[in-house]
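**Q** Take a look at the following structure, please.
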Amino acid sequence: MKVTGFSFIRNAIQYDYPIKEAILSILPLCDAFVIAVGKSEDSTLDMIRSIAPDKIRIVETEWDDNLRTGGRVLAEETNKAFRAIDDDTDWCFYIQGDEIVHEKYHAAIKEGMLRWKDDNRVDGLLFKYLHFYGSYDYTGTSSRWYPNEIRIIRNDKSIYSYRDAQGFRKGNDEKLRVKPLDAYVYHYGWVKEPEAMQRKQEIFHKLWHDDEWVSKHVARADAYDYSKDIDALTRFTDTHPAVMQERIRQKNWKFDYDISFNHISFKERMKAMAKDVLGLNFSYRNYRLL
């Protein structure tokens, strides 16, 4: 079984993306890794070159600003990396620049890839998600945070990155058929030093909206205010992936939140009850469970 990881990135240092940790978190499961590195204003390319030259192949790209609406440029950059994967690869392991896989899940992930490698009904493998917010001590618990996503796909070039690169589809807009893994992706996209988070907010929304919308809806500030827009968080008491330990030790800002202030709407409570009592799940699913 051959496994190739893939990803895309641009300006990782400027916007404080843990892309190095992301790659290292899945590299032990990969025979090779392909990453599309967009033309950057910092030393992102040099950083990627330094990680594991024997395994990592870089595709240098330029982002098409004409694809900014709806985040389409993110999907296109993902597709550039995916299309560059060698034909002899069986599984393609996708990781984004702010996603990390804990090493404790490696065995379960490998077992799943081996188990369904020759089952052509299975297009991909589905991960569960933990979304960290504000600091490394809290995760989001409301339905605004997506609970699952596909991160391993078969090396079938009819598959493509969907919309803003959160998931995948194939052929004529067909959802992938997937098997769930008992493994989590740790999403750290909302855990950054507040100044870097503010810079990310100002530039990132430009991948979805025009300049007028960004000027109207994204507040200008020196630092991001993590206290706003919180609905429900929970305290994280487990361990973080080994590759994240140094970054966590260097954390230089403080974010504390009293979970007794959680605002759980009536709609959220009804969703939770339907899931717990009736087994109903109203989350958006960009896949078909087998």
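The values are calculated or read from the model by the stated rules, or taken from the named source; none is laboratory data. Computed from a predicted structure; not experimentally measured. Cβ sites come from the backbone with ideal geometry, for glycine too, and all protein chains shown count toward neighbours.
**Q** Being touching a residue at least 40 places away in the same chain (Cβ under 8 Å) and farther than 13 Å from residue 7 by Cβ narrows it down to one of 94, 105, so name that one.
**A** Answer to the check: 105.
**Q** Restricting to segment 234-253, give me the number of residues that are in contact (Cβ under 8 Å) with a residue 40 or more places away in the chain and under 16 Å from residue 129 (Cα atoms).
**A** Going through segment 234-253 one residue at a time, the tally reaches 6.
**Q** State whether the residues of segment 205-217 include one that is modelled with pLDDT of 80 or more and surrounded by fewer than 13 Cβ atoms within 10 Å (Cβ to Cβ).
**A** no
**Q** Just one of (1) more than 16 Å from the chain's Cα centre (by Cα); (2) part of a loop (DSSP other than H, G, I, E, B); (3) in contact (Cβ under 8 Å) with a residue 40 or more places away in the chain trips up residue 54, so point out which.
**A** Status for residue 54: all satisfied but (3).
**Q** Can you name the residue in segment 155-190 that is hydroxyl-bearing (Ser, Thr, Tyr) and out of contact with any Leu (no Cβ under 6 Å at 6 or more places or on another chain) and is also nearest to residue 242 (Cα to Cα) among such residues?
**A** So the residue we want is 188.
**Q** Identify, please: which residue in segment 129-182 is in contact with a helix residue (DSSP H, G or I) (Cβ under 7 Å, 6 or more places away or on another chain) and of a type in the set (Gly, Ala, Ser) and is, among those, farthest from residue 289 (Cα to Cα)?
**A** Here the answer is 142.
**Q** I'd like the residue in segment 155-165 that is modelled with pLDDT of 95 or more and in a strand (DSSP E or B) and, out of all such residues, is surrounded by the fewest Cβ atoms within 10 Å (Cβ to Cβ).
**A** It comes out as 160.
**Q** If you scan segment 9-46, which residues turn out to be farther than 21 Å from residue 244 by Cβ and buried (at least 21 other Cβ atoms within 10 Å of the Cβ)?
**A** Within segment 9-46, 10, 34, 36, 37 qualify.
**Q** Any chance segment 166-181 includes a residue that's under 22 Å from residue 135 (Cα atoms), among the polar types (S, T, N, Q) and surrounded by 14 or more Cβ atoms within 10 Å (Cβ to Cβ)?
**A** No: zero hits.
**Q** Then there is this: Just to be sure I understand, how many residues within segment 93-152 are in a loop (DSSP other than H, G, I, E, B), hydrophobic (A, V, I, L, M, F, W, C) and buried (at least 22 other Cβ atoms within 10 Å of the Cβ)?
**A** Count: 1.
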